[in-house]
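Reading through the structure tokens given below for one structure.
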Amino acid sequence: MKKILKVGAMTLFRIPEPDELVVGDESLLYGGEWTSFNIDDGSPITCQFRQNFNDIIWTEDGIRMTFNYTYNNNSHKLTLTADGEMETFTITKLTDHVIYLESIDEDGDLDYMEFRRL
């Protein structure tokens, strides 16, 4: 497995083969913690989806944040909201052990994140 730094990567991110991009059922989001690593300093980033509360607990740099979310199972759009701010991601891969997120920043550039269950 080749590790490559993808332009626009916000976390450590391996460029997938096109046939790897399979999005499983929404239920795969729940039941555990997802982990990634900051591309700048290698520090861990974790998130946990809580279905009963429709929120996600995001921990980065030792700071724990909670965001409300909505997920569209047809378009695979994941929208996080907090304090009137919104950020939308497209889930391009979701299995029981990996999730790939893509978003477009304010300049129109693609950003990528990869989380794994450790």
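The values are calculated or read from the model by the stated rules, or taken from the named source; none is laboratory data. The structure displayed is predicted, hence computed values, not measured ones. Cβ: placed from backbone, ideal geometry, glycine included. Neighbour counts: every protein chain shown. For accessibility, only protein heavy atoms count, side chains too; no ligands or nucleic acids. Shrake-Rupley method; radii C 1.70, N 1.55, O 1.52, S 1.80 Å.
Spin-label point model (7 Å from Cα, Cβ direction): what's the residue 83 to residue 23 distance in nm?
It works out to 2.9 nm between the two label points.
With the full set of protein chains in place, find how many percent of the accessible area of segment 23-118 is carbon and sulfur; take the probe as 1.4 Å.
Working: 2440 of 5410 Å².
In segment 23-118, the share of accessible area belonging to carbon and sulfur is 45 percent.
Compute the length gained on full extension between residue 66 and residue 109: take 0.36 nm times their separation in residues and subtract their Cα-Cα distance, giving the result in nm to one decimal. List each step's numbers first, then the result.
Working: separation 43, 0.36 × 43 = 15.48 nm, distance 2.55 nm.
Stretched fully, the residue 66-residue 109 segment lengthens by 12.9 nm.
At what distance in nm do the modelled label points of residue 96 and residue 57 sit from each other, each positioned 7 Å from its Cα along Cα→Cβ?
For residue 96 paired with residue 57, the spin-label model returns 2.3 nm.
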